[in-house]
1. For the residue pair E248 and V86, what label-to-label distance in nm results when each label sits 7 Å from Cα along the Cα-to-beta-carbon direction?
2. Sort the following peptides by mean Cβ neighbour count (other Cβ atoms within 10 Å, averaged over residues), highest first: 237-247, 345-355.
3. Packing-wise, with mean Cβ within 10 Å as the measure, how do 361-372, 37-48, 114-125, 170-181 rank, highest first?
4. Within 10 Å, count the other beta carbons around each residue, average over each peptide in 183-195, 208-220, and list them highest first.
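Rule-based calculations on the coordinates, nothing more; no lab input. Quick caveat: nothing in here was measured; it's all calculated off a predicted structure. All Cβ positions, even for glycine, are placed from backbone atoms using ideal geometry, and neighbour counts span all protein chains on display.
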Amino acid sequence: MSHDSDSVAQAGPPPPIDDAFLWLHSAFCRAALPLRAPRAAWARRVGGVSVRLEPGAAGTGLPNGVFLRQLMLHVCDTAWRSRSPVVPLGETATELAARLGLDSKSGLMAEQVERVLGAKIFIGLDGAPELSVFDARSRPRGLGGAWRSSLRLNAGFVASLIEQSVPLERRILAALAPSPMAIDAYAWIRQALHGQPQTHTVTASWDDLLARFGTGAQDASAFRPVFEQALRHVFDADLSLSIAVDDEGVSARAAEPDAAAPASAKPDVARPDVPAAPPVTLAPPAAPVVPPPQPVARAPAAPSPTPVQDTISLRSQITGLTQVIWLRRGHGQDSALVGVTPNARFDADRLTVLAVEPMVMQVSGGLNAQDFERVSAWVMANRDLIDGFWEGAITTAEEIDQRVRKVPAVGWR
């Protein structure tokens, strides 16, 4: 095949157009592009994938941030649909900005376009030879050249794109546009779940995530809260995902489509009662509660509901907390109580009991300030569920599964 061809003939005809999705090369899903402008050549290598950028003409920096991501989405999606290495940019920078949904009045548009056109961008995937994204003929020969209405991709990259593309929802990308890292997190999750069974779960350690998405200036302690904030944006935007965060890392899977969820996703049934409350002592008022994400829409309960016992435990998969929540029925007691343990084992010596009053109070045990704030946020977001179970109005696992709401993980604000 000649590199002068304007089509990738062996790839077949263009696919049907579905404007609900944008298609991105999996390499850019598995290893994030730079968030900030690198001072020199930049590279990221992790998990069998590499992305590398080199500056072009002297005096031009490297592209970065939201613009680079939006442009690569446009480039990959256009080439994937047309099966052609020639990608239109529009007649002006303003027209391109409109296509990308970016503000052309910032004064940075033309500069970023010049950086992209001048840069050399390479990808490597699973041991295959490294590919240049752009054809050399797309790069300007000097600074300040005339606007180019199109660019040309390397034919090898286009062939790889057709085989290694990942569909991302346009609506969700638009919601995540203010946060480049949220776009990265969403693309990574969707790439990992693409083509997998509905029950597949993707997991990654914090070290792996730092290598995929962090910056050179970040260590694990600085990266984690920033990435958790990005995951919060993804969770809010894509209700079809279930995301869990703990000290080991992050896991994500498709949310249960109906009430017939696997047992691991349902509340665990347990027998021990939460101990009777000793005299109440007030804890410091909780910090302002972040509005919780809306619960994932679920189908109506199955015809044969699953009854629950008087005491149940709710694990991280369903609450979003690192601790396990224990609920029980009150049997006439006035004040609803909530139990908290560090893991799924009911251990009275490690149990914290909270009273659900106008503000949440620690009755016994002792959560640290950060954990108390997060658990209190969950309690307030799920007050109707807690009261309903305490009073005996909620009696099935399906109803609990439908009504429980998650709160952000550690570090989310």
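1. 5.3
2. Ranking the peptides 237-247, 345-355 by packing returns 237-247, 345-355.
3. So the peptides 361-372, 37-48, 114-125, 170-181, ranked by packing, come out 114-125, 170-181, 361-372, 37-48.
4. 183-195, 208-220
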